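Colleague: There's a structure below that I have some questions on.
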Amino acid sequence: MIMNRFLHIIVGLLLSIDSFSQNQANDPIELKFKKCLDDSISTAGMCNCTIQAMNSWDMELNKSYNLLMKSLSPPNKEFLKSAQKEWILYRDKEFELINKIYYTELQGTMYYPIAWNCKLGIVKKRALELKDYFELLKENK
C-alpha cells in the first residue's frame, strides 16, 4: 500500500516535470531545470534544481510585473499593485500549508522534492499570467 502510493507520487512528480506545454518546451528556465534534474542523483539535488527554477521564475515574475506596470494606466496600476499584494499573501499561506503537509504530516525525504515542485508551480503560474497580460497589452497597442 505505501509502496504503491510512493510510486504514484513519484510518477506524478515525473509527469509534472516532463509535461511541458508546447509554448514552454523551449523556455530557457524549463530547459535548465530539466537538465539539472537529469543530472541530479539525489533528493537534495532534485530540491536544489527545483529551488533554482523557482527563483528563476520569480525573477521572470518581477520582470513581467514591472513591464506590466509601465504599460497600464494609473488606475489600473493601482489595481495590479493591489492584486499582486494579495497574490503574495496567497503564495505565502500556500507555501506554509505545503510545508505543514509535506514536512510535518508526511514522513520521509521523498516528499521534499514534491513540496518544492508544488511551490515552483505556484510561482511559475503567476509569472506566466503576468507575462501573458503584458504580451496582450503590447500586441494591442
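The values are calculated or read from the model by the stated rules, or taken from the named source; none is laboratory data. Keep in mind the model is a prediction, meaning the values are calculated, not measured. No Cβ is skipped: glycine too gets one built from the backbone with ideal geometry, and neighbour counts run over all protein chains shown.
Colleague: Which residue out of Lys100, Lys93, Lys77, Lys34 is closer than 24 Å to Phe134 by Cα and basic (Lys, Arg)?
Modeller: So the residue among Lys100, Lys93, Lys77, Lys34 that is closer than 24 Å to Phe134 by Cα and basic (Lys, Arg) is Lys77.
Colleague: Filter the helices (runs of 4 or more DSSP H) completely within segment 16-116 down to those with at least 3 residues that are among the hydrophobic types (A, V, I, L, M, F, W, C) and touching a residue at least 40 places away in the same chain (Cβ under 8 Å).
Modeller: Qualifying helices (runs of 4 or more DSSP H): 43-71.
Colleague: Answer yes or no: is there a residue in segment 67-84 that is hydroxyl-bearing (Ser, Thr, Tyr) and surrounded by 13 or more Cβ atoms within 10 Å (Cβ to Cβ). Can you show your working first?
Modeller: Going through segment 67-84, the residues hydroxyl-bearing (Ser, Thr, Tyr) turn out to be 71, 73, 82.
Imposing the further condition that a residue be surrounded by 13 or more Cβ atoms within 10 Å (Cβ to Cβ) reduces the set to 71.
The answer is yes, given that some residue of segment 67-84 is hydroxyl-bearing (Ser, Thr, Tyr) and surrounded by 13 or more Cβ atoms within 10 Å (Cβ to Cβ).
Colleague: Using the structure shown, decide if Ile98 is modelled with pLDDT of 95 or more, of a type in the set (Val, Ile, Thr) and touching a Cys at 6+ places or on another chain (Cβ under 8 Å).
Modeller: For Ile98, the condition - modelled with pLDDT of 95 or more, of a type in the set (Val, Ile, Thr) and touching a Cys at 6+ places or on another chain (Cβ under 8 Å) - is met.
Colleague: Tell me whether segment 125-132 contains one or more residues that are surrounded by fewer than 16 Cβ atoms within 10 Å (Cβ to Cβ), part of a helix (DSSP H, G or I), in contact with a helix residue (DSSP H, G or I) (Cβ under 7 Å, 6 or more places away or on another chain) and not acidic (Asp, Glu).
Modeller: no
Colleague: Just one of the numbered conditions (1) under 19 Å from the mean Cα position of the chain (by Cα); (2) modelled with pLDDT of 95 or more; (3) among the aromatic types (Phe, Trp, Tyr) is not true of Phe79; which one?
Modeller: Here Phe79 meets the rest and fails (1).
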